[in-house]
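The values are calculated or read from the model by the stated rules, or taken from the named source; none is laboratory data. All values derive from a computational prediction rather than experimental measurement. Using ideal geometry, Cβ is built from the backbone for each residue, glycine included, and neighbour counts are taken over all protein chains shown. The protein model used for the area step is the full one, side chains on, heavy atoms only, and it has no ligands, DNA or RNA in it. Shrake-Rupley method; radii C 1.70, N 1.55, O 1.52, S 1.80 Å.
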Amino acid sequence: MAEENIFFFVPNLIGYARIALALLSFCLMPCCPWTAVFCYLLSALLDAFDGHAARALNQSTKFGAMMDMLTDRCATMCLLVNLSLLYPSYTFLFQLSMCVDIASHWLHLHSSTITGSASHKSIDLSGNPVLRIYYTSKPVLFVMCAGNELFFCLLFLLHHIQEPAAWLYWLQGLCGIICLLKTAISLVHLVTASQNMAAMDAAEREKTVKTQ
């Protein structure tokens, strides 16, 4: 049997396309806001397809899961950097959002990896009920992620629109609520992952004491 090349698995190829679209979006942000947002949202939308491909083709990999999460985090972070330039008065809030997003997902992924989960989306059903609903309900996960990204994209676009339609402000308000909810979930991520890490440390220390 020929050795499989993980880097050429279909979900990972989709992941590379997501990265290329995100980079193209960043390059276009200073000059072509609508095209930039289109590329950004297309990159985000492909996140759903790589997961389906991984399950359908039995090509789920740790590399793919890590690339998936890093693409999400880096893309959002770069968009928030751009928003900080457009809305300097709100730079601190954008920085705070970046810190919470990256820290919570990194610690959650690290604790999941240590406990043997293949992905940060593999949740122990006996764990936190908020995270259980967030990760096991596909509609909830989609609405949270899509609303969060759309809120930041609307902030970016509204800066470039001379006279925005009223419905855009209503949509932004709705997405803003979703963004706040997702931030709250990220804080739950952070607390739960910290508790998991502390529990593992305590168990290891107890084991060490017993063996001495």
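Here's the yes/no breakdown for (1) under 21 Å from A146 (Cα atoms); (2) surrounded by fewer than 17 Cβ atoms within 10 Å (Cβ to Cβ); (3) at pLDDT below 95:
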residue: C39; (1), (2), (3): yes, no, no
residue: F49; (1), (2), (3): yes, yes, yes
residue: A56; (1), (2), (3): no, yes, yes
residue: V81; (1), (2), (3): yes, yes, no
residue: A103; (1), (2), (3): yes, yes, yes
residue: H110; (1), (2), (3): no, yes, yes
Exercise for the section: State which residue is nearest to N82 (Cα to Cα) when the search covers only segment 164-187 and only residues that are open to solvent by 40 Å² or more (accessible area, probe 1.4 Å) and in contact (Cβ under 8 Å) with a residue 40 or more places away in the chain. Expected result: T183
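From the list I133, I161, which one is in contact with a helix residue (DSSP H, G or I) (Cβ under 7 Å, 6 or more places away or on another chain) and open to solvent by 30 Å² or more (accessible area, probe 1.4 Å)?
On inspection, the qualifying residue turns out to be I133.
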Practice task
Output the number of the condition that F7 fails; it satisfies all remaining conditions of (1) over 25 Å from H108 (Cβ atoms); (2) loosely packed, with under 14 Cβ neighbours inside 10 Å; (3) modelled with pLDDT of 95 or more.
Solution key: (3)
Problem - Some residue of segment 10-33 being in contact (Cβ under 8 Å) with a residue 12 or more places away in the chain, more than 16 Å from A75 (Cα to Cα) and open to solvent by 80 Å² or more (accessible area, probe 1.4 Å) - result: no
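Take the residues in segment 137-158 that are out of contact with any helix residue (DSSP H, G or I) (no Cβ under 8 Å at 6 or more places or on another chain) and in a helix (DSSP H, G or I), then tell me which one is nearest to I178 (Cα to Cα).
So in segment 137-158, the residues out of contact with any helix residue (DSSP H, G or I) (no Cβ under 8 Å at 6 or more places or on another chain) come out as 137-139.
In the following step, the residues that additionally are in a helix (DSSP H, G or I) were identified as 138-139.
On the way: K138: 15, P139: 13 Å.
Checked segment 137-158; the qualifying residue nearest to I178 (Cα to Cα) is P139.
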